[in-house]
1. Residue by residue, what Karplus-based ³J(HN,Hα) values in Hz, rounded to whole numbers, does the stretch 155-172 have, using 6.51, -1.76 and 1.60 with θ = phi - 60° and x for Gly and Pro?
2. In nm, give the distance between the simple-model label positions of D17 and S184, each being 7 Å from the Cα along the Cα-to-Cβ direction.
3. List the residues, sorted by chain then number, that are 5 or more residues from L10 or on another chain and whose placed amide H is less than 5 Å from its amide H.
4. How big is the gap, in Å, between the Cα center of the stretch 1-79 and the Cα center of the stretch 178-208?
5. Grab the DSSP H runs of the chain that are 4 residues or longer, score each as -39,500 (n - 2.57), total them, divide by all residues and round the 222 nm result to the nearest 500 deg cm²/dmol.
6. For a label point 7 angstrom out from the Cα of Y127 toward its Cβ, which stretches of the stretch 135-163 have the backbone nitrogen within less than 12 Å?
7. Amide H to amide H, which residues 5 or more places from G113 or on other chains are under 5 Å from it, using H placed in the peptide plane?
8. Pick out, from L164, Y127, T149, the residue whose Cα sits farthest towards the positive end of the charge dipole of the stretch 66-189, with +1 on the Cβ of Lys and Arg and -1 on the Cβ of Asp and Glu.
Amino acid sequence: MRYHAAHAWLDGAVVADVLLEVDGTRFTSVASGVPAPPDAVRLAGLTLPGLANAHSHAFHRALRGRVQASRGTFWTWRSQMYTVAARLDPDTYFALARAVYAEMALAGISCVGEFHYLHHGPGGVPYRDANAMSAALLAAADEAGVRITLLDACYLTGGIGDPLLGPQLRFGDGTASAWASRVSALRPGAHARVGAAIHSVRAVPRRELDEVA
């Protein structure tokens, strides 16, 4: 594919007549001062590079405008966050995430790093497909037209030395080895990559960190 931008942002300046050549998901050539070839897709106005959202929690979108009532604190915010996490399933998470990623696309974001830890069903029971929630996010990004790096987060404890409780049970795989086994079974499409993360040093015991790494 070839695209011709009337104007584009290159190297910190607005440049006229920019020809962009693309092979699959990669730019193969960017040249300025080039007249528009007849087969190129014309891009009017000013073309900007896509932005990257490097740290997203898609399900937190459902909290927007809800958590500042009564001058709340981090702890009241966390309580509402857990309430949202307890209610989602793969279908509703797909619908929510698709709206979130569509908002990103409309704002000029073309790639998202999704910090994902809402893995399992109520009580921590895995879905028939143990990666159903991950698959919902990948499908949502695909339909919204953004690339995604799914940063699958290991989340094993509710605090240093504390077990997972309540909605937190949905986040955990039991051990880092079980987390790694689940993540290794995930097969992303061409628009996606899978990465690894720990939620925090309080949520992954020190003895498990090497397995995640």
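1. Once θ is set to phi - 60°, the couplings for the stretch 155-172 become 8, 10, 9, x, x, 5, x, 9, x, 5, 9, x, x, 4, 4, 5, 8, x Hz.
2. Label at D17, label at S184, 5.6 nm between them.
3. Result for L10 returns V15.
4. 27 Å
5. Numbers: 5 runs with 60 residues, N = 213.
Computed ellipticity for the chain at 222 nm equals -8500 deg cm²/dmol.
6. Counting backbone N atoms under 12 Å from the label point, the list is 135-140.
7. For G113, the qualifying residues are N53, A54, H55, S56, T149.
8. L164
FYI, it's all coordinate maths here, none of it is from the lab. Since the structure is predicted, the reported quantities are computational estimates derived from the model, not experimental observations. Here the Cβ is made from the backbone with ideal geometry for all residues, glycine too, and neighbour counts use every protein chain on show.
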